[in-house]
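**Q** Take this structure first; my questions come after.
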Amino acid sequence: MTRRKSKLIFTCALLSCLIGIFGCGKKAEENKNDEVKNTQPITPEETEAYMQKQSISCGENSICPSYIAKIVVSTGAGKFRFCTGFLTDDNTLATSTSCLPPLLRLNGADCSRDVFFFFPKAFSKGQRVGCKTVLQASDNYGNDPLLNREDVAFLKLDKPQPFKRTLRIIRDGLPSNKAVTVVAVEQLDEENGVVKELECPSVHNSYVHPLVTSEFSPGISLAGCAFGRGFTGAPVIDWKNNSRVRGMVTSPMDPETRRYLIEVSKLLTNGLKEFVLGTNFACAPTIYDTNVGEEKECGKELTEYQVEKLRSAMLATTPLFAEFRTRLENALETGNKFIRYALKLIPTPNPKDPTKPNYDIQSIEITPKCFKDLTSMINKNPQTIYDFRLPRRTFKKTMDDLGRVQGSEIDNGNLIFNINFNAKDVKRNRQSPIYFWDRMTGNTQETFLNVPVCE
């Protein structure tokens, strides 16, 4: 009897341990989705009391658009999320799928008990409108904002708003350096939201979002705007094109990427601007049509591998320094008629570990490659080129404040030599040594043996 009781106690303890382990794992996953199941659910009365306290206002010297709305979403267990939305017709509001809790990311879902809209209204806390149905929610939404092909949802209001302005979505894409405006509702605390209007030019080919390479890329990146609480779902408006919407803000820049660029890379020459990321309406489907701006670009592969591949290509120094190297080669080619020179990039020592090369800063080594013009040589022995200027240059990899990798050329002056070679040997043997003499001292600085005639 005692042995059976001990066995029973051990079994119960083991089950309790297993339940605890799996329970903790499940709780961590739920917290990741902003949902907590192990507390008492909020009552409709508590939700209503919370909504009664909400307000929306317009900032100083800012527009007060009737098409913009603050969205308050109940995610369960007393948790609320704030987003921005905008009217696309008098009965439909567009926002981000990521604004909605997982159970509402379904077409046809009833949102009446969990989603509430607040439109700005002069001399009041704002106009409250309910949500009726999720008309459309993106099914290509993921946790990594760089890999989201689309992050858009359309919600039906519980009553039409015929006297409010609406915004029209266009599929013209978002060119680089395009001046656009983000109109968002920033939530200042648990009750008060304020409409903000921010100028944020678009950026392509940035380390921040390397998959944005074209005006028709699925994502967008905007520089110069800090992401505020509640910005998710804000429209990206082109005022110069009849206030058309070209995209939607969905998330801030990844903080780890920002930390790497500022603290680790050491490439930034003038700091790094704030970024917001989003969805491009050139590609994202809407309830009005399923067109795309460009099929190939909108449907391109979006994977972590592609992100790392593009970032590695951006940081590669060989193509980055190619233009400087070619320009220097051309200058040497036209600067003398006898000798063609070879240029070699030499990495500098790493300041932290001199035994390791630093490929971000490279100097140029210039050596004679071949004799290029036999007919122009004077038939005498030796032949001397006086006051030959050998340029000294350093190429450096940098990054601007938009996260775009650049190369710079540092002019370190010239070394001046007299160059000597045997013209008869060149014509007779099709090769000759070349001697570099210091012009001031007359001492030999370098000797290059058996330099051939160019083929």
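**Q** What is the residue count in the range 108-136 for residues that are under 19 Å from GLU45 (Cβ atoms), outside any strand (DSSP E or B) and either outside the structural domain of ALA69 (by TED's automatic domain parsing) or of a type in the set (D, E, K, R) (or both)?
**A** Residues flagged as under 19 Å from GLU45 (Cβ atoms), outside any strand (DSSP E or B) and either outside the structural domain of ALA69 (by TED's automatic domain parsing) or of a type in the set (D, E, K, R) (or both) within the range 108-136 amount to 2.
**Q** Select from the range 371-420 the residues that are touching a residue at least 60 places away in the same chain (Cβ under 8 Å) and more than 25 Å from SER176 (Cα to Cα) and list them in ascending order.
**A** PHE371, LYS372, LEU374, PRO391, ARG393, PHE395, GLU409, ILE419
**Q** Could you list, in sequence order, the residues of the range 288-311 that are over 17 Å from LEU147 (Cβ atoms) and either of a type outside the set (Asp, Glu) or surrounded by 17 or more Cβ atoms within 10 Å (Cβ to Cβ) (or both)?
**A** Scanning the range 288-311 gives TYR288, THR290, ASN291, VAL292, GLY293, LYS296.
**Q** Have a look at ILE419, ILE378, ILE366, ILE346 and point out the one that is in the same structural domain as ARG439 (by TED's automatic domain parsing), exposed (fewer than 12 other Cβ atoms within 10 Å of the Cβ) and either at pLDDT below 90 or under 20 Å from TRP437 (Cβ atoms) (or both).
**A** One residue alone meets the criteria, ILE378.
**Q** Among the listed residues GLU323, GLU333, identify the single one that is touching a strand residue (DSSP E or B) at 6+ places or on another chain (Cβ under 9 Å), within 30 Å of THR375 (Cβ to Cβ) and surrounded by 12 or more Cβ atoms within 10 Å (Cβ to Cβ).
**A** GLU333
**Q** Just to verify a result, which residue in the range 338-390, among those that are among the polar types (S, T, N, Q) and in contact with a strand residue (DSSP E or B) (Cβ under 7 Å, 6 or more places away or on another chain), is farthest from LEU449 (Cα to Cα)?
**A** Here the residue is ASN350.
**Q** Another question, then. So if I check each of THR290, THR213, which one is modelled with pLDDT under 95 and either β-branched (Val, Ile, Thr) or within 16 Å of THR95 (Cβ to Cβ) (or both)?
**A** That would be THR290, the only listed residue that is modelled with pLDDT under 95 and either β-branched (Val, Ile, Thr) or within 16 Å of THR95 (Cβ to Cβ) (or both).
**Q** With the requirement that a residue be in a loop (DSSP other than H, G, I, E, B) and not acidic (Asp, Glu), what does the range 341-360 give you?
**A** Answer for the range 341-360, where residues must be in a loop (DSSP other than H, G, I, E, B) and not acidic (Asp, Glu): ASN350, PRO351, LYS352, PRO354, THR355, LYS356.
**Q** Moving on. LYS296 versus (1) over 22 Å from the mean Cα position of the chain (by Cα); (2) more than 30 Å from PHE82 (Cα to Cα); (3) part of a helix (DSSP H, G or I): which is the lone unmet condition?
**A** Unmet for LYS296, out of (1) over 22 Å from the mean Cα position of the chain (by Cα); (2) more than 30 Å from PHE82 (Cα to Cα); (3) part of a helix (DSSP H, G or I): (1).
A quick yes/no check of all residues on (1) among the β-branched types (Val, Ile, Thr); (2) surrounded by 20 or more Cβ atoms within 10 Å (Cβ to Cβ); (3) in a strand (DSSP E or B); (4) in contact (Cβ under 8 Å) with a residue 40 or more places away in the chain:
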residue: LEU146; (1), (2), (3), (4): no, yes, no, yes
residue: PHE154; (1), (2), (3), (4): no, yes, yes, yes
residue: PRO162; (1), (2), (3), (4): no, no, no, yes
residue: ASP189; (1), (2), (3), (4): no, no, no, no
residue: GLU197; (1), (2), (3), (4): no, no, yes, yes
residue: TYR207; (1), (2), (3), (4): no, yes, no, yes
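**Q** Go through the residues of the range 32-46 one by one and say whether even a single one is on the phi > 0 side of the Ramachandran plot and modelled with pLDDT under 65.
**A** Yes, the range 32-46 contains a residue that is on the phi > 0 side of the Ramachandran plot and modelled with pLDDT under 65.
**Q** Run GLY442 past the list (1) surrounded by 12 or more Cβ atoms within 10 Å (Cβ to Cβ); (2) at positive phi; (3) modelled with pLDDT under 90 and report the number of the one that doesn't hold.
**A** Answer for GLY442: the failing condition is (1).
**Q** For the range 231-252: of the residues being part of a strand (DSSP E or B) and polar (S, T, N, Q), which is surrounded by the most Cβ atoms within 10 Å (Cβ to Cβ)?
**A** Looking at the filtered set, the residue picked out is THR250.
The values are calculated or read from the model by the stated rules, or taken from the named source; none is laboratory data. If you're wondering where the values come from, they're calculated on a predicted model, not measured in any experiment. Don't worry about glycine lacking a Cβ; one is built from the backbone with ideal geometry, like all the others, and counts go over all protein chains shown.
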